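Worksheet: the structure to be examined is printed underneath.
The values are calculated or read from the model by the stated rules, or taken from the named source; none is laboratory data. Remember, predicted model here, so these are calculated numbers, not experimental data. FYI the Cβ positions are ideal-geometry reconstructions off the backbone, even for glycines, and counts take in every protein chain you see. To get the accessible areas, we keep the full protein, side chains included, count just its heavy atoms, and leave off ligands, DNA and RNA. Shrake-Rupley method; radii C 1.70, N 1.55, O 1.52, S 1.80 Å.
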Amino acid sequence: MNALKLTTLFCLFGLSATPVLADDAMGMMKMMKGGEVIAVMPDGHMGTMTMTDEKMMGDMMKMSKPLDHCVMMMTGADGKTYMVDTSTPEATKECEKMAK
């Protein structure tokens, strides 16, 4: 009888932790840190790197420009990654709403 009670208790505890584990498995988005670089490939896989020295940071900054608006990307049914045009006010509003 005690074994049944303990099993029930562990099952209830496990079920209560399931949503937390599901959120973690979904890959929650986070704010980028200074010196972090994200690469997005056409097939949708991504990678990150942290620049470790000032020379590397300076070289990367020469090739870059700051974002002036929200940017959205999506993967289509064909498996390719697309950048969504968010230049209209409506699209910008939707992008900012998603990023919150």
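If the cut-off is a Cα-Cα distance under 20 Å, which aspartates and glutamates reach Lys80, setting aside same-chain residues fewer than 8 apart in sequence?
Hits, sequence-local ones excluded: Asp43.
Per 0.36 nm of contour for each residue apart, how much would the distance between Lys65 and Asp43 grow if the chain were fully extended, relative to their Cα-Cα spacing?
Here the segment from Lys65 to Asp43 would lengthen by 5.5 nm.
For the cross-link pairs Lys65/Lys93; Lys62/Lys93; Lys30/Lys100; Lys65/Lys97, which exceed 20 Å when the distance is taken from alpha carbon to alpha carbon?
Lys65/Lys93; Lys62/Lys93; Lys65/Lys97
Give me the percent of accessible area attributable to carbon and sulfur for segment 30-100, probe 1.4 angstrom.
63
Taking 7 Å along the Cα-to-C-beta vector as the label spot, tell me the Glu96-Asp53 distance in nanometres, rounded to one decimal.
4.1
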